[in-house]
1. With the condition kept exactly as written, say whether any residue in the stretch 527-537 is within 25 Å of Asp224 (Cβ to Cβ), in the same structural domain as Gly378 (by TED's automatic domain parsing), away from the ligand (no atom under 15 Å from the Cβ) and in a loop (DSSP other than H, G, I, E, B).
2. Go through the stretch 381-405 and give me each residue that's open to solvent by 10 Å² or more (accessible area, probe 1.4 Å) and of a type in the set (S, T, N, Q).
3. Take Asp323 and tell me if it is open to solvent by less than 50 Å² (accessible area, probe 1.4 Å), closer than 26 Å to Leu255 by Cβ and not polar (S, T, N, Q).
4. Restricting attention to the stretch 510-569, which residues are open to solvent by 50 Å² or more (accessible area, probe 1.4 Å), over 29 Å from Lys367 (Cα atoms) and among the hydroxyl-bearing types (Ser, Thr, Tyr)?
5. If I ask for residues that are surrounded by 16 or more Cβ atoms within 10 Å (Cβ to Cβ) and either hydrophobic (A, V, I, L, M, F, W, C) or under 28 Å from Thr530 (Cα atoms) (or both), which ones from the stretch 428-452 would you list?
6. Just to be sure I understand, how many residues within the stretch 259-300 are open to solvent by 10 Å² or more (accessible area, probe 1.4 Å) and touching a residue at least 24 places away in the same chain (Cβ under 8 Å)?
7. For the stretch 504-528, how many residues are touching a Lys or Arg at 6+ places or on another chain (Cβ under 8 Å) and of a type in the set (D, E, K, R)?
8. In the stretch 422-446, what residues are charged (D, E, K, R), outside any helix (DSSP H, G or I) and over 12 Å from Thr395 (Cα atoms)?
Amino acid sequence: MPKKKVQTETTTKPKARTPEEPEKEVKPKAAASKKAAPKKAESVQKKKAPKKAATPKKAAPAPQEEKVPELTVEEFPQLPEQILPQPRRSIAFIGSECYPFVKTGGLGDVMYALPRSLIRQNCDVKVILPRYKCIPWEYQEKMVYRGEFTMNLCSDGRSFYVGIMEYVWDGVVYDFIDNEEFFSSGNPYVNLIDDIPKFCFFSKAALAALNYMDWVPDIIHCHDWQAALVPVYLRTLFEGTPVASAKVMLTIHNLRFQGIYNIPTIRYWSGLPDYVFNKDALKQGYEDANMMKGGITYANMVTTVSYTYAGEIQSPFYGENLDAHLRYHSGKLRGIVNGIDYGTWNSYTDSMLAAPYDITNVLQKKKENKRALQEQLGLVQDDHVFVIGLISRLTDQKGLDLVNEILPSLIDGHTQVVILGTGDWRYENSFRYFEIVYKGSVCSNIMYDEGRAHRIYAGADALLVPSLFEPCGLTQLTAMHYGTIPIVRETGGLRDTVQPYNQFSNDGNGFTFDRYDPGLLLDAINRAKTLYFTNRWCWDEMVQRDMDKDVSWDNSARQYRDLYLELKP
Ligand code: ADP
């Protein structure tokens with residue numbers, strides 16, 4: 001049976017537990033790991049994989065893996081429901097990026113903030129990431145060596161070195177999978193021909209590392225196509241190993257990216273058995289394999305990042321050719337909107353702002369931030385103009401064709417537009433062009449700059465998010481939290497998080513439009529401008545209402561925790 005053979009090859013650790021054996025308690029040893037760290041970290045990089053195969057080292061104990069006694073609801077009958085102690089659950093997050101180590105978009109934010117929020121909900125969380133060379137040195141130097149082993153990966157039995165480096169930060173354990181061959185490029189994503197082998201390796205190594213560390217979580221929560229083979233491996237090559245007792249959840253952050261390549265390539269690199277390359281699992285069309293599709297098939301639960309997007313992706317327009325597959329699996333598909341991390345996004349303590357503020361002084365301080373932004377970006381300095389921000393990857397997903405079409409109509413002497421983003425050259429160039437033509441009114445920052453993003457959220461009056469599709473979207477949440485009014489298209493998470501302004505009842509959080517049409521975007525912006533210029537009192541009320549809105553992770557983390565409990569009652 002190929003299954004069993006690969007299982008023993010996968011975990012070269014000789015003393016792997018069988019599922020029947022009781023889980024061992026791992027005792028904390030916080031101080032010991034600190035001293036040993038630098039030397040061991042060095043040695044990991046120098047060592048060559050095959051030689052180490054014969055004598056795998058024992059995993060060092062995780063510093064904070066202390067067993068906490070499980071509290072029961074019955075012991076606290078007097079507490080309100082939200083703060084009743086919940087059963088403790090352990091979760092392994094597996095994903096390709098995580099702020100602040102490496103981030104290219106919203107996935108990085110989620111991988112950072114959700115685990116932190118979950119530990120406040122009585123969960124143990126381990127985050128498993130690739131150890132990219134581009135992770136800043138300030139984090140690399142704090143990593144502690146946890147162990148190493150070799151692992152078979154490809155269908156011809158080629159084996160690879162897997163190192164585990166650990167960093168414990170604010171109660172969350174980060175385990176980095178080390179292998180220079182796969183993770184030494186400057187960017188986490190290069191091109192599919194390199195990325196497919198890289199993430200086959202990562203998905204398999206993450207599961208093997210859990211077995212190696214003797215840490216079997218209740219739930220394995222994997223993210224996007226880069227980790228979508230985790231459920232497939234778990235239910236095939238890892239069947240019968242300790243980690244197979246975990247339930248697995250797959251979260252789709254963006255269905256556009258699925259990890260599709262020809263079957264021979266994915267079959268070779270993944271080493272998965274032939275039977276998973278059928279049309280109900282990985283096979284797509286006649287000759288391709290789709291990693292996301294396989295993950296959906298084998299996961300116990302599939303979630304996506306908003307309720308509306310969970311519905312949309314079951315339709316041909318948003319389904320990216322997986323709509324039928326998702327409809328078939330709709331019974332296990334859920335939507336939970338993201339939140340933002342209130343530690344990172346706090347306008348009162350934000351050191352990057354010219355004038356930090358809170359809800360009590362936002363109206364005054366926003367003017368100061370607007371002036372500072374105008375000064376920094378070379379815009380005409382004027383408190384009275386309406387400043388519209390746009391912070392985005394510059395791709396066709398983000399509705400930038402609409403922006404290009406209407407931008408000239410916006411510039412009327414009372415409006416300024418600030419763009420921050422990188423991406424497709426055609427958008428980068430069109431925005432550069434507009435900056436030249438409308439000097440002083442348009443500023444295009446073609447770059448990735450966290451500090452500048454913070455200053456735009458604080459200094460702009462409104463933020464545009466006119467996306468063609470938007471699984472959740474974080475920029476509209478951050479904007480609201482900074483008292484900046486979102487102008488969004490009613491799709492995905494934008495629809496779930498921005499309630500349209502109603503001039504009769506004077507409520508709502510922003511301005512919205514439905515069809516993907518430049519005229520409707522212009523109309524929404526003009527409605528915003530009309531309120532801003534003619535009824536500032538109502539505008540200011542909305543600013544305060546938005547700052548007051550709960551867009552934190554706590555709500556979402558509670559819903560994830562409930563799903564974990566549903567999977568492992
Ligand atoms: P996506 O994940 O599709 O890129 P999201 O709205 O979910 O979009 O998340 C984007 C995140 O990246 C936000 O936190 C936003 O502030 C940030 N971001 C996007 N572009 C830039 C940029 N050029 N500079 C700084 N931050 C950016």
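The values are calculated or read from the model by the stated rules, or taken from the named source; none is laboratory data. All figures in this text were calculated on a predicted structure; none of them were measured in a lab. Virtual Cβ from ideal backbone geometry, glycine too; neighbours counted across all protein chains shown. In case anyone asks, the SASA skips ligands and DNA or RNA and just uses the protein heavy atoms, side chains included. Shrake-Rupley method; radii C 1.70, N 1.55, O 1.52, S 1.80 Å.
1. There is no residue in the stretch 527-537 that is within 25 Å of Asp224 (Cβ to Cβ), in the same structural domain as Gly378 (by TED's automatic domain parsing), away from the ligand (no atom under 15 Å from the Cβ) and in a loop (DSSP other than H, G, I, E, B).
2. Correct list: Gln381, Ser392, Thr395, Asn404.
3. yes
4. Tyr516
5. Ser430, Phe431, Phe434, Glu435, Tyr438, Ser441, Val442, Cys443, Ser444, Asn445, Ile446, Arg452
6. The total comes to 17.
7. Qualifying residue count for the region: 2.
8. Listed by number, the list holds a single entry, Lys439.
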